[in-house]
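A short worksheet on the structure shown next.
Read the figures in this text as sums done on the coordinates, not as results from a lab. Keep in mind the model is a prediction, meaning the values are calculated, not measured. We place every Cβ from the backbone using ideal geometry, glycine too, and count neighbours over all the protein chains shown.
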Amino acid sequence: MDKNYTAVLFDLDGTIMDSGPGIMKSVQYALDHFDRPNEPEETLRKFVGPSLMDSFTHLYGMSEEDATRAVELYREVYPTKGIFDATPYKGIEEVFRTLQAEGRKLVLVTSKPHIFAERILEHFGFTSYFCYQTGPELDDHDSRKARLIRKAMDALKFEKTECVMVGDRMFDIDGAVEAGIDSIGVTYGYGDRAELQNAGATYIVDSPKEILSILQQE
């Protein structure tokens, strides 16, 4: 590989953290108020990654008004009961340590509201690894990854060729493609290999350790 990625952009949910348990329980709490109790886990898993507004709208056909209310209900419980119901993926901190020691810049690019992402990184002791974090504000439902990637690149003066996006869902890969940067799709999160391939991932790996293998082939 003849690339030299000096900036590594990481998604949060499904890439750094298995955040599914807390997210899915909070989504179910919201759905209970719409007479949708005991939703299948297969459906709830689809909420891990994309914006809540998009998920409630596309998965349940909610109107904008109902989706907004569902997000409000979700946020009644997530900040206190769901936010730390998550587990870092095995080996991910070693990836951070190694990349930081190599002099690379680590950036968090997440569709999760920034205020929640910041708390999660701090709680699990990951804040110091990241030189920059970006995510939407609570009242900003435009969580397109390309917009957030460009925001980080502009803030840090990165060139496209310096950057690679690491994520587990097609939304991460789509964002990278739209922003004109390479991507590493990870299959250990909430997307699968076919989803990542179809989205156009530059590389696909099955474990955090393999992220290093890709980057150290330079």
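In table form, for the structure just shown:
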quantity: In Hz, Karplus ³J(HN,Hα) per residue of the range 27-44 (6.51, -1.76, 1.60; θ = phi - 60°; x = Gly, Pro); calculated: 5, 4, 4, 5, 5, 4, 6, 10, 6, 10, x, 6, 5, x, 4, 4, 6, 4
quantity: The range 86-165, Rg to Rh (Cα coordinates; Rh as Kirkwood inverse mean 1/r); calculated: 0.96
quantity: Whole-number percent relative contact order across the range 20-82, with pairs defined as alpha carbons under 8 Å at least 6 apart; calculated: 47 percent
quantity: Positive-end residue of Ala179, Ala7, Leu31, charge dipole of the chain with Cβ unit charges; calculated: Ala7
quantity: Anisotropy class of the range 20-82 from Cα gyration tensor, a/c 1.5 cut; calculated: rounded
quantity: Charge dipole magnitude, Cβ of K and R +1, D and E -1 - the chain, Cα centre, debye nearest 20; calculated: 480 debye
quantity: Per-pair calculated FRET efficiency, R0 = 41 Å: Glu64 and Lys25 via Cβ, rounded to 0.05; calculated: 0.95
quantity: For the chain: relative contact order, % (alpha-carbon pairs under 8 angstrom, 6 or more apart); calculated: 26 percent
quantity: In Hz, Karplus ³J(HN,Hα) per residue of the range 88-100 (6.51, -1.76, 1.60; θ = phi - 60°; x = Gly, Pro); calculated: x, 5, 4, x, 5, 5, 5, 4, 4, 4, 5, 5, 5
quantity: Residue among Ile83, Cys131, Thr43 farthest towards the positive dipole end of the chain, charges placed on Cβ; calculated: Cys131
quantity: Size of charge dipole - the range 134-194 - debye, nearest 20, with Cβ of Lys, Arg +1 and Asp, Glu -1, no other charges; calculated: 140 debye
quantity: Equivalent ellipsoid semi-axes - Cα gyration tensor, the chain, angstrom; calculated: 29, 17, 16
quantity: Beta bridge orientation in the chain: antiparallel %, DSSP, nearest 5; calculated: 10 percent
quantity: Lys, Arg +1 and Asp, Glu -1 on Cβ, resulting dipole of the range 94-218 about Cα centre, debye, nearest 20; calculated: 180 debye
quantity: Dipole of the range 20-82, positive direction: furthest Cα of Pro21, Val71, Thr57, with charges on the beta-carbon; calculated: Pro21
quantity: The range 35-122: chymotrypsin sites (Phe, Trp or Tyr not before Pro) in DSSP coil with no more than 11 other Cβ atoms inside 10 Å; calculated: none
quantity: Two-site FRET efficiency, Glu93 against Asp206, from Cβ-Cβ distance with R₀ of 25 Å, rounded to 0.05; calculated: 0.85
quantity: Most mobile of Ala179, Ala70, Ala101 in a GNM of the chain (Cα contacts under 10 Å); calculated: Ala101
